[in-house]
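Comments concern the structure below.
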Amino acid sequence: MTKYENQIPTSAGMSIKSLTSILRDSLRKNVERRPSGSIPVERYSHPITSEASKHPQVTWFGHSAFLLEIEAHRLLFDPMLGERPSPVSWAGTKRFSRELPMQPEDFPELDAIVISHDHYDHLDVSSIRRLKNKTKRFIVPLGVRKRLIKWGVPADQITEHQWGDEFTFKGLTFACTPARHFSGRGLLDRDSTLWCSWAIIGEETKVFFSGDSGYGPHFKEIGSKYGPFDLTLMECGQYDKRWSNIHMMPEETVQAHLDVGGELLIPIHWGAFTLAYHAWNEPAERVTRAARTAHVRIATPKIGETVVVNAQGITTRPWWR
């Protein structure tokens with residue numbers, strides 16, 4: 001079986017000492033790991049029959065799922081729209097919001113669905129099955145194709161890519177770029193598929209999506225080759241010092257944004273599920289504080305709220321408080 005590796009040595013932090021402290025933290029009751037009530041969700045209101053916006057804009061669906069409209073194209077990233085990021089529907093952490101901005105069946109026609117890696121909180125079988133007729137192109141890292149085929153996606157609609165691949169699709173340039181993470185959906189398939197980040201380059205707009213990643217030198221390398229970027233969507237959440245090699249801390253999220261030459265930062269990978277031991281809203285507090293210190297332009301939309309990248313009034317309200 002093929003095994004993929006990170007560019008630099010990367011430990012997941014699962015030593016006996018770490019596992020013991022994780023068990024201790026799982027029993028703590030003084031951290032609000034889930035919101036005490038419902039969180040605000042805006043209904044996605046774009047008419048299904050309308051063309052995608054020519055002005056770059058992004059709508060966040062919680063965690064790392066977002067819809068990017070760029071130069072009249074619609075791209076949906078890591079569409080985990082199910083209730084639980086789990087191998088079974090009846091166990092595991094449950095989504096914070098009681099509703100989605102829009103159900104998968106109600107999405108407009110998509111130019112492509114783009115995947116960063118195969119973990120359950122990024123690649124959800126129920127979401128793929130409900131979305132597969134909304135697009136004729138799936139763009140994925142190496143090894144993920146077989147999973148989509150198993151779930152009913154036609155093989156000729158899937159393209160697989162490795163780090164360093166560049167290709168053009170409908171006038172946009174895609175670059176499959178490195179991340180510092182791991183993959184797998186079971187006990188026996190760890191690192192059997194590739195994980196990645198993505199750069200999307202149009203005639204007027206450049207966007208970077210970090211995927212899941214620990215901080216590392218790859219961000220500066222990506223920025224040097226493909227930046228600067230008008231927009232970055234950066235992982236921020238589900239972190240812990242014990243596994244910071246594979247998930248950035250919020251302050252590192254801001255530094256990674258600077259490394260790639262980002263203009264506007266939207267922090268993602270939070271606001272939907274409890275997958276770590278920090279308070280559910282801590283990522284937003286820490287990343288906005290770090291962004292202010294570094295003079296970084298940041299947007300913190302509610303789930304379902306659309307951010308127009310070049311607009312003057314970018315959403316920065318602390319809706320999570």
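The values are calculated or read from the model by the stated rules, or taken from the named source; none is laboratory data. Keep in mind that what you see is a predicted model, and the values were worked out from it rather than measured. Cβ sites come from the backbone with ideal geometry, for glycine too, and all protein chains shown count toward neighbours. For the accessible areas, the whole protein counts, side chains as well, though only heavy atoms, and no ligand, DNA or RNA atoms are used. Shrake-Rupley method; radii C 1.70, N 1.55, O 1.52, S 1.80 Å.
For region 160-271, what is the convex hull volume of its Cα atoms per residue in Å³? Before the final figure, lay out the partial values.
On the way: hull volume 12.7 nm³, N = 112.
Each residue corresponds to 113 Å³ of Cα convex hull volume.
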Less than 12 Å Cβ to Cβ from A52, Lys/Arg counted +1 and Asp/Glu -1: what total charge do the surrounding residues give? -2
Using a 1.4 Å probe and ignoring any ligands, DNA or RNA, find the accessible area of K146 and quote it in Å² to the nearest 10. 110
Rounded to the nearest 10 Å², what accessible area does Y277 have for a 1.4 Å probe in the complete protein model? 50
Give me the number: length gained by fully extending A155 to A311, i.e. 0.36 nm times residue separation minus the C-alpha to C-alpha distance, one decimal in nm. 52.2 nm
For n ≥ 4 DSSP H runs only, could you compute -39500 (n - 2.57) per run for the chain, divide by its residues and tell me the 222 nm figure to the nearest 500? -5000 deg cm²/dmol
Equivalent-ellipsoid semi-axes (√(5λ), Cα gyration tensor) for region 105-202, whole Å, largest first? 20, 19, 11
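Under the Kirkwood approximation applied to all pairs of distinct alpha-carbon atoms, what is the hydrodynamic radius of region 39-308 in Å?
Hydrodynamic radius (Kirkwood, Cα only) of region 39-308 equals 18.3 Å.
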How charged is the neighbourhood of N133? Take every other residue with its Cβ under 10 Å from the Cβ of N133, and add Lys/Arg as +1 and Asp/Glu as -1. +3
Surrounding charge for N281, neighbours by C-beta under 9 angstrom, Lys/Arg +1, Asp/Glu -1, total -2
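Viscosity 0.890 mPa s, temperature 25 °C: Stokes-Einstein D of region 248-311 from its Kirkwood Cα radius, in µm² per second?
Using the Kirkwood radius from Cα pairs, D works out to 197 µm²/s.
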Considering only protein heavy atoms and a probe of 1.4 Å, how much of the accessible area of the chain is carbon and sulfur, as a whole percent? 51
Tell me, what HN-Hα J-couplings in whole Hz come from the Karplus equation 6.51 cos²θ - 1.76 cosθ + 1.60 at θ = phi - 60° for each residue of region 124-133, using x for Gly and Pro? 10, 4, 5, 5, 4, 5, 7, 9, 4, 8
